[in-house]
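Asks: Just dropping this structure here.
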Amino acid sequence: MQKVTFKNLYQMNVVGNLFMPKGMDQKTKHAAIIVGHPMGAVKEQSSNLYAQKMAEAGFVTLAIDLSFWGESEGKPRNAVLPDVYSEDFSAAVDYLGTRDYIDRTKIGVLGICGSGSFAISAAKIDPRMKAIATVSMYDMGEVNRSGLTHYKEFKPMTVEERKAIMAEAAEQRYLEYTGGKTKYTGGTTHELTKDTSAIQREFFDFYRTPRGEFTPKGSSRDITTHPTLTSNVKFMNFYPFNDIETISPRPMLFIAGEDAHSREFSNTAYKLAGQPKELYIVPKTGHVDLYDRVDLIPFAKLTDFFTKNL
């Protein structure tokens, strides 16, 4: 593994960890996979693991920090800008496709959680991404507009509730414009109570325990996973599944846990996508299980998918 830095289209530095198979011959051309981290996370949380395992399977892999997160540039920190997140995937293609040891006709993308929707958004307009896989995907637009509409613990968000969130964010802009303190929203709770939801407990077990806890350089534990309130409403204008069928005939693989609260998003994407496509459900598995539970993550399925299609 080695750390690399490259520019995206907007001349922002994107930082990633580049993994190469042991003993790889750099005089020949190899297939590559770009790996994106869960929304609010960094490359050290989940995507590094996937990148390592896929490198062990013979691929060159690049786990990136999305702009505004981790070691990549962008201010304010933890800002939401879906178009730039998607651009970072294309910038990673730029970087890999200009390496002498990479076959630029064999570059795939793998998005975990929110990065699944960013990778799809990127692939719709970047045909250089030849195979697209998602794991525990979140449609970050739909979850912010409507909530988790098919999960028993939650009622769908109403339009009035959505408008209240937008109004709060709009008023907060005045405060921050005049020098007020940045406000953060969403993300993973920092303590458990008797009223903490099952979903928050699931994320807490990863982000707030040694299992997945990681504080990026220059950041703080208090804002880890929390986007800024004023920018998070940008997700309400984000529709990654619109025109998803135009990615065809490039293949798509959607992986979700059987018990995942986020499974609805993979179901929807699969329904709308063109051929060839596959929905792969991992039995007795939740959303966060597929972040790091190596006994549950179907690495063999991912290896087969990318081997056949890159």
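Read-outs: derived from the displayed coordinates by stated rules, not from any lab. If you're wondering where the values come from, they're calculated on a predicted model, not measured in any experiment. Here the Cβ positions follow ideal geometry from the backbone for every residue, glycine too, while neighbour counts run over all protein chains shown.
Asks: Please go through segment 248-289 and pick out each residue that is of a type in the set (Val, Ile, Thr), touching a residue at least 40 places away in the same chain (Cβ under 8 Å), out of contact with any helix residue (DSSP H, G or I) (no Cβ under 6 Å at 6 or more places or on another chain) and not in a strand (DSSP E or B).
Replies: Our first condition is that a residue be of a type in the set (Val, Ile, Thr); within segment 248-289, this holds for 255, 268, 281-282, 285, 288.
Narrowing further to those that are touching a residue at least 40 places away in the same chain (Cβ under 8 Å): 255, 268, 288.
Subsequent filtering for residues that are out of contact with any helix residue (DSSP H, G or I) (no Cβ under 6 Å at 6 or more places or on another chain) retains 255, 268.
Scanning segment 248-289 gives a single hit, Thr268.
Asks: Same structure again: Scan segment 1-54 for residues that are touching a strand residue (DSSP E or B) at 6+ places or on another chain (Cβ under 9 Å), among the small types (Gly, Ala, Ser) and in contact (Cβ under 8 Å) with a residue 60 or more places away in the chain and jot them down.
Replies: Across segment 1-54, the qualifying residues are Gly16, Ala31, Ala32, Gly36, Ala41, Ser46, Ser47.
So that you can scan it fast, the table gives a plain yes or no per residue for (1) among the hydrophobic types (A, V, I, L, M, F, W, C); (2) under 28 Å from Arg221 (Cβ atoms):
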residue: Tyr10; (1), (2): no, no
residue: Leu62; (1), (2): yes, yes
residue: Lys75; (1), (2): no, yes
residue: Phe89; (1), (2): yes, yes
residue: Tyr95; (1), (2): no, no
residue: Phe118; (1), (2): yes, yes
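Asks: Now for a separate question. Which fully enclosed strands (runs of 3 or more DSSP E) of segment 1-56 have 2 or more residues being buried (at least 19 other Cβ atoms within 10 Å of the Cβ) and more than 13 Å from the chain's Cα centre (by Cα)?
Replies: On the way: elements: 2-7, 13-19, 30-36.
Qualifying strands (runs of 3 or more DSSP E): 13-19, 30-36.
Asks: Would you pick out the residues in segment 169-205 that are in contact with a helix residue (DSSP H, G or I) (Cβ under 7 Å, 6 or more places away or on another chain) and either in a loop (DSSP other than H, G, I, E, B) or among the charged types (D, E, K, R) (or both)?
Replies: The initial filter retains those residues of segment 169-205 that are in contact with a helix residue (DSSP H, G or I) (Cβ under 7 Å, 6 or more places away or on another chain), namely 169, 172-173, 176, 182-186, 188-189, 192.
Scanning segment 169-205 gives Arg173, Glu176, Thr182, Lys183, Thr185, Gly186, Thr188, Thr189, Leu192.
Asks: Going by what's in this entry, would Thr230 be described as in a helix (DSSP H, G or I) and either buried (at least 17 other Cβ atoms within 10 Å of the Cβ) or of a type outside the set (Phe, Trp, Tyr) (or both)? Walk me through it before giving the result.
Replies: Details: in a helix (DSSP H, G or I): yes; either buried (at least 17 other Cβ atoms within 10 Å of the Cβ) or of a type outside the set (Phe, Trp, Tyr) (or both): yes.
It is true that Thr230 is in a helix (DSSP H, G or I) and either buried (at least 17 other Cβ atoms within 10 Å of the Cβ) or of a type outside the set (Phe, Trp, Tyr) (or both).
This table checks each residue for (1) under 24 Å from Lys155 (Cα atoms); (2) under 16 Å from the mean Cα position of the chain (by Cα); (3) surrounded by fewer than 15 Cβ atoms within 10 Å (Cβ to Cβ).
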| position | (1), (2), (3) |
| --- | --- |
| Tyr239 | yes, yes, no |
| Phe254 | no, yes, no |
| Asp259 | yes, no, yes |
| Asn267 | yes, no, no |
| Pro276 | no, no, yes |
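Asks: Scan segment 123-130 and give yes if some residue there is in contact (Cβ under 8 Å) with a residue 60 or more places away in the chain, over 25 Å from Ser197 (Cβ atoms) and buried (at least 24 other Cβ atoms within 10 Å of the Cβ), otherwise no.
Replies: Of the residues in segment 123-130, the ones in contact (Cβ under 8 Å) with a residue 60 or more places away in the chain are 123-124, 127, 129-130.
From what is left, the residues that are over 25 Å from Ser197 (Cβ atoms) are 123-124, 127, 129-130.
Right, trim to buried (at least 24 other Cβ atoms within 10 Å of the Cβ) and you get 123.
Taking every residue of segment 123-130 in turn, at least one turns out to be in contact (Cβ under 8 Å) with a residue 60 or more places away in the chain, over 25 Å from Ser197 (Cβ atoms) and buried (at least 24 other Cβ atoms within 10 Å of the Cβ).
Asks: Only one of Lys217, Lys194, Lys183 is surrounded by fewer than 16 Cβ atoms within 10 Å (Cβ to Cβ) and touching a strand residue (DSSP E or B) at 6+ places or on another chain (Cβ under 8 Å); which?
Replies: Details: Lys217 fails: touching a strand residue (DSSP E or B) at 6+ places or on another chain (Cβ under 8 Å); Lys194 fails: touching a strand residue (DSSP E or B) at 6+ places or on another chain (Cβ under 8 Å).
None of the others qualify; the one that does is Lys183.
Asks: What number of residues within segment 155-165 satisfy the criterion of being surrounded by 14 or more Cβ atoms within 10 Å (Cβ to Cβ) and part of a loop (DSSP other than H, G, I, E, B)? First the steps, then the outcome.
Replies: Pass one, segment 155-165, residues surrounded by 14 or more Cβ atoms within 10 Å (Cβ to Cβ): 157, 162, 165.
Filter once more, so that each one left must be part of a loop (DSSP other than H, G, I, E, B): 157.
Qualifying residue count for the region: 1.
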